[in-house]
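I have placed the structure first, in the form of structure tokens, so that the comments after it can refer back to it.
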Amino acid sequence: MKCPKCGYPDSKVIDSRTTPERDMIRRRRECLSCRHRFTTVEHVEVIQPMVVKKDGRREPFDPEKMMRGLRRACEKRPVSIDALERIVARVQQGIQDKGEKEVSSQKIGEEVMAALHSLDDVAYVRFASVYREFKDIEEFLSELQELLKNQNKPAQD
């Protein structure tokens with residue numbers, strides 16, 4: 001690591017500590033030339049995949065965009081921000097675990113809808129109406145009827 005004071009290209013690590021979130025390492029270093037001490041921070045660089053939209057456009061995966069959609073769907077609903085953050089983290093982790101360079105917006109939307117379905121029915125219908133682009137009230141009613149039918153089914157063991 002290059003010394004910020006004298007520019008010497010080498011230093012030694014005196015101390016290493018992880019951050020409380022355990023996602024970064026802080027290293028205390030000492031220049032081997034001028035003995036100046038300085039701190040560096042190391043973190044894992046995560047390369048996000050590209051999202052392939054319905055119309056074929058591609059854009060970088062943006063967890064904040066997903067969070068905005070979830071917040072809109074859950075507006076005035078008894079759903080905590082922590083629950084929404086867990087959905088975003090779970091979907092994002094699933095995408096990263098697959099290691100694919102591209103993922104369809106359809107797959108992402110289906111995962112988000114599945115998570116919302118088990119969290120809040122109203123938020124689920126709100127999200128589905130935008131995601132599935134309901135064209136008329138009939139499509140909306142069809143989704144509601146399917147939701148009601150699944151709610152009234154007895155639990156399977």
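The values are calculated or read from the model by the stated rules, or taken from the named source; none is laboratory data. Bear in mind that the values here come from a model prediction, so they are computed numbers and not experimental data. With ideal geometry, Cβ positions are generated from the backbone for all residues, glycine too; neighbour counts draw on all protein chains shown.
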Hey, any hits in the stretch 25-36 for a residue that's of a type in the set (A, V, I, L, M), closer than 30 Å to K101 by Cα, surrounded by 14 or more Cβ atoms within 10 Å (Cβ to Cβ) and touching a helix residue (DSSP H, G or I) at 6+ places or on another chain (Cβ under 9 Å)? no
Checking the condition on the phi < 0 side of the Ramachandran plot, assigned to a loop (DSSP other than H, G, I, E, B) and in contact (Cβ under 8 Å) with a residue 40 or more places away in the chain, which residue from V46, V51 passes? V46
Residue pairs within 8 Å by beta carbon, gap of at least six or interchain, first lying in the stretch 102-120 and over 22 Å from V79 (Cβ atoms) and in contact (Cβ under 8 Å) with a residue 40 or more places away in the chain, second surrounded by fewer than 17 Cβ atoms within 10 Å (Cβ to Cβ) and among the basic types (K, R), listed first then second, are E102/R58; S105/K53; S105/K54; Q106/K54
Taking only pairs six or more apart or across chains, which ones have beta-carbon atoms under 7 Å, a first residue in the stretch 30-43 that is without any contact (Cβ under 8 Å) to a residue 40 or more places away in the chain and assigned by TED's automatic domain parsing to the domain that holds P20, and a second residue that is hydroxyl-bearing (S, T, Y) and part of a loop (DSSP other than H, G, I, E, B)? C31/Y8; L32/Y8; S33/Y8; C34/Y8
When you look at E59, is it assigned to a strand (DSSP E or B), acidic (D, E) and out of contact with any Ser or Thr (no Cβ under 8 Å at 6 or more places or on another chain), yes or no? yes
Does F140 satisfy the condition of being without any contact (Cβ under 8 Å) to a residue 40 or more places away in the chain, in a loop (DSSP other than H, G, I, E, B) and more than 20 Å from the chain's Cα centre (by Cα)? no
Free of Cβ contacts under 8 Å to residues at least 12 places away in the same chain, among the acidic types (D, E) and either in contact with a Lys or Arg (Cβ under 8 Å, 6 or more places away or on another chain) or part of a loop (DSSP other than H, G, I, E, B) (or both): does that describe E64? no
Members of the stretch 97-131 found to be touching a strand residue (DSSP E or B) at 6+ places or on another chain (Cβ under 6 Å) and assigned to a helix (DSSP H, G or I), listed by number: S105
Every listed condition ((1) within 32 Å of the chain's Cα centre (by Cα); (2) part of a loop (DSSP other than H, G, I, E, B); (3) modelled with pLDDT of 95 or more) holds for R28 save (2)
